[in-house]
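Student: Have a look at this one.
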């Protein structure tokens, strides 16, 4: 699906991103960035269940992936390039053998007179 949309999206991985394009606090695994800044952008973080990191379930692994996205502020580069925070979708992928769990980090945005904020 993504390969067929190269006319609308730029897909980068942590290996492809240059040093001067690096996020302030770290590197995401995959970012799908539409050329139209009004479209939705996607950040994917992939993790394999690691019992050494106190992960007992795939839910723990995905939670760690989502926490990493937030703590390392992977969305900062998208926001700096003109994307509205509410148009950035964040997904954590957890793997254990042939099992996979995918969850998203969604925020609820509320419009106020002074601007938007999330809860």
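Readers should treat all values here as calculations from the given coordinates under stated rules, not as data from a laboratory. What you see is a predicted model; the values in this text were computed from it and never measured. For neighbour counting, all protein chains shown are included, and Cβ atoms are generated from backbone atoms with ideal geometry for every residue, glycine included.
Student: Can you give the extra length, in nm with one decimal, that the chain gains between residue 80 and residue 51 once fully stretched, where that is 0.36 nm per residue apart less the Cα-Cα distance?
Tutor: 6.8 nm
Student: Based on the Cβ-Cβ distance from residue 70 to residue 38, what FRET efficiency comes out when R0 is 22 Å, to the nearest 0.05?
Tutor: Efficiency, rounded to the nearest 0.05: 0.40.
Student: I would also like to ask the following. For residue 100 and residue 8, calculate 0.36 nm times their separation in residues minus their Cα-Cα distance, and state this gained length in nm to one decimal.
Tutor: Going from the current span to full extension adds 30.4 nm.
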